[in-house]
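Trainee: Okay, here's the structure, questions in a sec.
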2 protein chains.
Amino acid sequence: MLKSLALSAVPLIFSSVLSGQQPTIAERLGYPRDSKLLIIHADDLGFAHSADAASFDALNSGAITSASIMMPTPWVTEVAAYAKTHPQADLGLHLTLTSEWETYRWDGLAPTDQVPTLYDPDGTLPNDESIVAKRAKPEEVERELRAQIDRALALGIKPTHLDSHMGALFSTPALFNVYAKVAREYHLPFLAVRQGFGAGDFNITPKDVVLDAVVIAGGDVPRDKWKEFYLNAINNLKPGVTELIIHLGHDDAELQAVTVNHEPYGSAWRQRDYEVVNSAEFKKALQDNRVILIKWRDLGRLVQ
Amino acid sequence: MLKSLALSAVPLIFSSVLSGQQPTIAERLGYPRDSKLLIIHADDLGFAHSADAASFDALNSGAITSASIMMPTPWVTEVAAYAKTHPQADLGLHLTLTSEWETYRWDGLAPTDQVPTLYDPDGTLPNDESIVAKRAKPEEVERELRAQIDRALALGIKPTHLDSHMGALFSTPALFNVYAKVAREYHLPFLAVRQGFGAGDFNITPKDVVLDAVVIAGGDVPRDKWKEFYLNAINNLKPGVTELIIHLGHDDAELQAVTVNHEPYGSAWRQRDYEVVNSAEFKKALQDNRVILIKWRDLGRLVQ
């Protein structure tokens, strides 16, 4: 579907170029200039079986178009097995420098003696991205990012894109630039947004694919207005490429235990997200607003 | 209870020494020479929340006397929190060189570049102890064991003993001797059994506390004769120190997912073990056979 559209719409790129304007991502993908393109993206694959099961289900049904994997997490082998049997699934890497839950932790993948500034004194990854921003040396972060990408490749995962767990890699220009550099070397598109990373010390090149907006539910969304938040977001989408970042899971004993004492992005939160993207109202809003769902793999073609 | 018994029985040690016999462990602990001492020991703490919950419950109720923790596992922080609030709980370290489940894995704790022979080519720990026996260099195993003990100490866990996940450290004399050496350095008693490790190239010293027997349900126990297996074991206990090694868990969605395609030591298996040690028949068998329940902490006093 996307492929044939892309082919039939090639002339649009030319018309834009001829008019003297920079082609938009939509045009480069073969869509009209003012299209509303949306990636519906589930973060955190690998961190819990419950999250994997909900995310696989949403990928299979098309409720989401993309997801990203936390390579250092316990369930990553389950995701690798899914990736093997679902080669069309759009799976990137959710580069991970933090381990935020209270009773359930993971370590990074680079040899720990080569990345000492990534770890707390007790040998665990920090639970907050601000600690990464303050303490992590960029050259050590680079080692860890490469280790995570290389582990994915070793497990047979072919990532479609990179992004950053808890935004740790967006927290300083130095960390962002390491992330962008590694992504370019592996010829992978990476999450960056025009508002925020496109200026100043954040090194963005003309070849990079930069999104126009990211929508993500934060702690300020009233828990009883969950669906309204997402419907508003869809109804107010602007032309351009937006990523809607969600967090899926089934609100079960495992996920409740993993996220204990941690309501934001916790078990009930992920169940609510799952229910929204599977709801008829959400799907209708996408249709009513003529939203074109795309994947990171589509964007990846632009950086080859 | 144990303490007052130990004090009142001190003369028995002397009578044994005076008679020219080596004192048994029972006598060294202050019990009659022919006592049946039993450690009821749950393995694998940390590997799943379900296993932790079942094991904590059994420790709290006294259904088991001791347990051991897998330091590289995702839920180890949950166990560390339990250890902190339950300082009397008898918790050792289940030294871990394998990661045996199909879709749920952990890495070791030493910097991976210092212990390359511990890892599969894809960077994961092997799923079988025979691979450890064949491939792991003893000096690298020693590094990993020290890293696991040091992580425990850093997390505030004061281990009462050491043993070996999947028996990997019992698989060759060289690995066993590394394990025994490290245990002695940390002044910790370690699981070793008179039949098996007490001779030949396995380096046992007179100061080591060597158990007389270990009982563990294997794959050959009919699943519908589970309780009978354990009742028979208790009814046939010999004088001396025996460790009954069990594997606890609640047969729930998490544990079923962790142990998928892995019936032995799987989810239902651990639920059966949990039911047996909590059953009235099992407790009656312990009483009827005048079994004295002890902990590794008791044995630890003999190696200080």
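Trainee: Quick one: dipole size for region B:131-214, taken about the Cα centre, charges +1 on Lys/Arg Cβ and -1 on Asp/Glu Cβ, in debye to the nearest 20.
Mentor: So the magnitude is around 80 debye.
Trainee: Something else now. Take peptide B:107-113, look around each residue's Cβ out to 10 angstrom, count Cβ atoms belonging to other protein chains, and average those counts.
Mentor: Mean inter-chain Cβ contacts per residue within 10 Å come to 5.
Trainee: Follow-up. Over region B:69-188, what relative contact order in percent results from Cα pairs under 8 Å that are six or more residues apart?
Mentor: 32
Trainee: Let me know the shape class of chain A, please: from the alpha-carbon gyration tensor, a ≥ b ≥ c as square roots of the eigenvalues, rounded when a/c is under 1.5, otherwise prolate if a/b is greater than b/c, or oblate.
Mentor: Oblate shape, in that a/c is at least 1.5 and b/c is the bigger or equal ratio.
Trainee: So the label point sits 7 Å from Cα along the Cα-to-Cβ vector; using that for A:S130, what distances do you get to the other copies, in nanometres, sorted shortest first?
Mentor: 5.3
Trainee: Going highest first, how would you order B:44-51, B:290-297, B:76-83 by mean Cβ packing within 10 Å?
Mentor: So the peptides B:44-51, B:290-297, B:76-83, ranked by packing, come out B:44-51, B:76-83, B:290-297.
Trainee: Once you sort the root eigenvalues of the Cα gyration tensor of region A:149-228 as a ≥ b ≥ c, which label holds: rounded (a/c under 1.5), prolate (a/b larger than b/c) or oblate (the other case)?
Mentor: oblate
Trainee: When a/c reaches 1.5 or more, the comparison of a/b and b/c decides; with that in mind, is region A:58-211 rounded, prolate or oblate per its Cα gyration tensor?
Mentor: oblate
Trainee: In chain A, with Lys and Arg counted as +1 and Asp and Glu as -1 at Cβ, which of these residues, A:F176, A:M166, A:L118, has the Cα nearest the positive end of the dipole, that is, farthest along it?
Mentor: Projecting each Cα onto the dipole axis, the largest value belongs to A:F176.
Trainee: Please report the net charge: other residues with Cβ closer than 13 Å to the Cβ of B:V178, K and R +1, D and E -1.
Mentor: -1
Trainee: Just want the answer: with Cβ charges of +1 for Lys and Arg and -1 for Asp and Glu, which residue in A:P23, A:V79, A:T103 is farthest toward the dipole's positive end in chain A?
Mentor: A:P23
Trainee: Please get the size of the charge dipole for the protein assembly as shown, origin at its Cα centre, with Cβ charges of +1 on Lys and Arg and -1 on Asp and Glu, quoted in debye to the nearest 20.
Mentor: 340
Trainee: Moving on. Take peptide B:74-84, look around each residue's Cβ out to 10 angstrom, count Cβ atoms belonging to other protein chains, and average those counts.
Mentor: 4
Trainee: To continue, here is another question. If I model a spin label at B:D201 and A:N236 as a point 7 Å from the Cα along the Cα→Cβ vector, what separation in nanometres do I get?
Mentor: It is 7.1 nm.
Trainee: Please work out the Cα center distance from region B:112-130 to region B:173-231, rounded to the nearest Å.
Mentor: 24
Trainee: How large are Rg and Dmax for region A:86-168 when only the alpha carbon atoms are used, in Å?
Mentor: Spelled out, the Cα radius of gyration and Dmax of region A:86-168 are 13.1, 41 Å.
Trainee: Give, as a single signed number, the net charge of other residues whose beta carbon lies under 12 Å from the beta carbon of A:Y31, with Lys and Arg counted +1 and Asp and Glu -1.
Mentor: Surrounding charge for A:Y31 is +1.
Trainee: Okay, next question. What 222 nm value per residue comes from the helices of chain B, counting each DSSP H run with n ≥ 4 as -39,500 (n - 2.57) and dividing by all residues, nearest 500 deg cm²/dmol?
Mentor: -11500 deg cm²/dmol
Trainee: Moving on. 7 Å along Cα→Cβ for the label point: how many nanometres lie between A:Q195 and each equivalent label in the other copies, listed shortest first?
Mentor: 7.4
Trainee: Next up: Determine the shielding of peptide A:249-259 by partner chains: average, over its residues, the number of Cβ atoms on other chains within 10 angstrom of each Cβ.
Mentor: If you average over the peptide's residues, the count of other-chain Cβ atoms is 3.
Trainee: Moving on to the next point. Counting other beta carbons within 10 Å of each Cβ, put A:H41, A:H250 in order, fewest first.
Mentor: So the residues, fewest neighbours to most, are A:H250, A:H41.
Trainee: Counting Lys and Arg as +1 and Asp and Glu as -1, each charge on the Cβ, what is the dipole of region A:22-145 about the Cα centre in debye, to the nearest 20?
Mentor: The dipole of region A:22-145 has a size of about 500 debye.
Trainee: Where the label is 7 Å out from Cα toward Cβ, how close does B:N289 come to the same position in every other copy, in nm, shortest first?
Mentor: 6.8
Trainee: What residues qualify as long-range amide H neighbours of B:A192, i.e. H under 5 Å apart, gap of 5 or more or another chain, H built at 1.01 Å from N?
Mentor: B:L211
Trainee: Right, here's the next one. Calculate the FRET efficiency for B:R301 and A:K84 from the Cβ-Cβ distance with a Förster distance of 60 Å, rounded to the nearest 0.05.
Mentor: 0.70
Trainee: Run the numbers for A:D57 and A:K158: contour at 0.36 nm per residue of separation, minus the present Cα-Cα distance, in nm.
Mentor: 34.4 nm
Trainee: Can you give me the relative contact order of chain A as a percent, contacts being Cα pairs under 8 Å and 6 or more apart?
Mentor: Relative contact order of chain A: 23 percent.
Trainee: Among B:K84/B:K137; B:K158/B:K225; B:K181/B:K295; B:K137/B:K283, which pairs are too far apart, with a Cα-Cα distance over 32 Å?
Mentor: Distance filter (> 32 Å) returns B:K84/B:K137; B:K158/B:K225; B:K137/B:K283.
Coordinate-derived values only; no laboratory data. Because the structure is a prediction, the values reported are computed rather than measured. Reconstructed Cβ throughout: ideal geometry from the backbone, glycine too, with neighbour counts over all protein chains shown.
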